Structure formats: C-alpha cells, structure tokens
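Remarks on the structure that follows.
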Amino acid sequence: MIDLAQALLDGNRRALARALTLVENESEKSEPLLAALFPHTGRAWVIGITGAPGTGKSTLVNEVAKAYRKLGKSVGIIAVDPTSPFSGGAILGDRIRMRDLSGDPGIFIRSMATRGNLGGLARATRDAIRVFDAAKFDLVLVETVGAGQNEVDIVRAAHTTIVVEAPGLGDEVQAIKAGILEIADVLVVNKADRQGAAHTIHALKAMLEMGHPSSRAGMLNHHGRVMQIENGTPADAALWIPPIVQTIAAEGKGTDVLIAAVESHRQHLEAHHELAQIERQHLRTELYDRLRDSLMARLLQTLPPERIAGLVERIQAREIDPQSAVQALLSGN
Ligand SMILES: Nc1nc2c(ncn2[C@@H]2O[C@H](COP(=O)(O)OP(=O)(O)O)[C@@H](O)[C@H]2O)c(=O)[nH]1
Ligand SMILES: [Mg+2]
C-alpha cells in the first residue's frame, strides 16, 4: 500500500487509477492508502458543479477543463452519478463526450456510481478528491446532479461551487426547487443560445436581490457589508455575491469568463482569510460523518439481523415504540 501511495505521489497514472478504484469500492485497503496520502493533500482547488439533469454540466466541465489546461493547470474530474445503475447510459455518454480530453496527461477523468447509499458516495467522492490532490492535480472538478440534500453534501467538499441553470427545462430556475441555490458561489446560465436565457438570468437576479433563499444579497442592501454570518465568520468579512455567468458550453463559449469568476472567488477567500476556516468546517463535517459511519458499523457488527427484524415486528405490532427499541438495542436488552 505504501508502494501504491509512493507511485501515486510520483505521478504514476496506473497508481492513480488503482487508488481511485479502491476508494470508489470503499475497499478497506483504501484506508492505509488514504492515511499515507493525507499529509500530501490540501493543495488542490476543488470546484463543485451541480444543477438539474440536462443543464449541460458535463459539457461545461469538459470545456472548463480544457480552458484550465490552456492555462497550464492539471485537472482531475470526478463525475458523480447518484442515480446509477439506472443511468449507466448517461455515464457512458459522459465518457464518450469526455473522450477528446483523454490522451492529455494533465487530465484524468473518473465516473463514480453509488454502490450502496448516498452517504457512501459522499465519502467516496471526498476520498477521490484527496487522491487527485495528492497526485498533484491543480484543480479537481466534481460534477454532481443537484437534486437535494444528499447532493449538497457531496458538493460540501468544494472550495468553489458552481450551480448550473439552463432555460427551457420547464422550470424557470431549477435550483430554487431543488434548494441548492444557496450553496452557489458562481451561478451559470448555460445554453445561453436558447430562447428564455434572458428570462432565466432575470429570475436569478431577482432571487439574489431579494436576498432569497440566501440572505447574503439582502445583507448587502442593508449594510453594505456582512455584519455577521453563520459559524462565527469575522464581522468584517467582506461579502461575496455570486456572479451570474452566461455560457454556451456546447460551443465552448463563456468558459473564460466562468474561470475568471472562479478565480476571483478564490482570491476573495484568500484575501479575507476565509480559506482556513472553510477547511476547518469541511474537516469538522467529515469527522462527524466518519464517526457516525464507524459507530454505526461497529454497532451493526454486534447485532444479528434477526434481532433488528424482530424489533421491527414488535414495533409494527405496537408492542414497543421506535425510540424505546433504539434504547433497547443500545443497552443490549
Ligand atoms: N443548445 C445547447 N445545448 C447544450 C449546451 N450545453 C450542453 N448542451 C446539450 O445539452 C444536453 C445535456 O448536456 P449534458 O452536459 O449531458 O448535461 P448534464 O446532464 O447537466 O451533465 C446535451 O445534449 C448537450 O449537448 C449549450 O450551451 N447549448
Ligand atoms: Mg452529466
């Protein structure tokens, strides 16, 4: 395992592929590997790209990767598909679409599908980001379908989160419905060649100006600066208002502006010394997640499935209530 870690740190692509597979399979072998890699992480800039299916995320990721390559940056791409196995076709499509990126040693693409639950996927994604980071990729792009809380959790490992909208998908602004607008650092209206793009931009602007669902823009209107935001951010932390960027990913248009927006977000975080705090927040969340998973796994090892099944029956028969059943399991009665 130490050999694999060393090979990966030395830039060996096969080692990278193998490490990603171990991580994706949540193999126990990945644990010593990740432990060996961890001291070499913390360098990559992680960009989450989320939004409704069909908004053009994969196409955009492709173009953003190409644009960063032109700047001489290496790019790791993780395409997360929580809806697999039903959308194996979509992943195949992504692979084909991303084919023009392959052959370039400065780019590495990995699609990940969930094997078990979404929690497992969030963990595998986090670990895969670390593998790319240790392999010295400058940027890691993570594409996820924005459909709710679980996807938001996946994006939580990112430094800059891009939420992608597109006109003509039935809903004016899909992210509002999915509740993912508040995590956006940069908003993209893709398919700007389509009718209705101006309308989508207008709707997004209105959302930002109303300060809804995030109160960030509203705070700007009232104070000019953020007085206080959650988790003890210093009172003088300047406000970041998500810029709205138009792109036509299918024609590679607008990606330079998008990259400039990502870079100014990064500079904003650096200038206001928010990076260390963001990392601490990510690590705290991760620690809780891992602790919960490990405690649960440890507990389940000691519980025969029949014991759980028996309790479910007793709960259904109204002989015991669910919380008392939990207490009984924990106290070993
Ligand atoms: N008209 C138009 N179509 C686009 C644009 N970007 C992507 N598409 C198309 O939209 C469809 C969905 O794109 P895809 O990248 O797979 O979306 P994803 O599901 O969000 O990853 C594909 O047929 C793309 O070719 C664009 O800027 N304009
Ligand atoms: Mg996609």
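Here, each number is a calculation from the coordinates, and none is a lab measurement. As the structure is a prediction and not an experimental result, all values here were calculated from the model. Backbone-built Cβ (ideal geometry, glycine too); neighbour counts: all protein chains shown.
On the basis of the beta-carbon distance and an R0 of 30 Å, ARG314 and ARG292 show a calculated FRET efficiency of 0.75. Averaged over residues, the count of other Cβ atoms within 10 Å places the peptides 55-66, 21-32, 292-303, 274-285 in the sequence 55-66, 21-32, 274-285, 292-303, highest first. Karplus-derived 3J(HN,Hα) values for segment 13-23, using 6.51 cos²θ - 1.76 cosθ + 1.60 with θ = phi - 60°, are 5, 5, 5, 4, 4, 5, 4, 5, 5, 4, 5 Hz; glycine and proline are entered as x. Couplings for segment 191-205, taken from phi via the Karplus curve 6.51 cos²θ - 1.76 cosθ + 1.60 with θ = phi - 60°, read 6, 5, 6, 8, 4, x, 4, 4, 5, 4, 4, 4, 5, 5, 4 Hz in order; Gly and Pro are left as x.
Listed values for segment 293-299 are Karplus-derived 3J(HN,Hα) couplings in whole Hz (6.51 cos²θ - 1.76 cosθ + 1.60, θ = phi - 60°), namely 4, 5, 5, 5, 4, 5, 5, and x replaces Gly and Pro. Neighbour counts of C-beta atoms inside 10 Å place VAL186, VAL326, VAL140, VAL257 in the sequence VAL326, VAL257, VAL186, VAL140, starting with the fewest.
Packing around the peptides 122-130, 35-43, taken as the average count of other Cβ atoms within 10 Å per residue, puts them in this order, highest first: 122-130, 35-43. Among PHE137, PHE132, the ranking by other beta carbons within 10 Å of each residue's beta carbon, starting with the fewest, stands as PHE137, PHE132.
Computed from the C-beta positions of ALA271 and MET210, the FRET efficiency with R₀ = 22 Å rounds to 0.20.
Here are some pairs, LYS66/LYS205; LYS73/LYS191; LYS191/LYS253; LYS57/LYS136; LYS70/LYS136; which of them have Cα atoms lying more than 19 Å apart in this structure?
Numbers: LYS66/LYS205 29 Å; LYS73/LYS191 26 Å; LYS191/LYS253 10 Å; LYS57/LYS136 24 Å; LYS70/LYS136 17 Å.
Correct reply: LYS66/LYS205; LYS73/LYS191; LYS57/LYS136.
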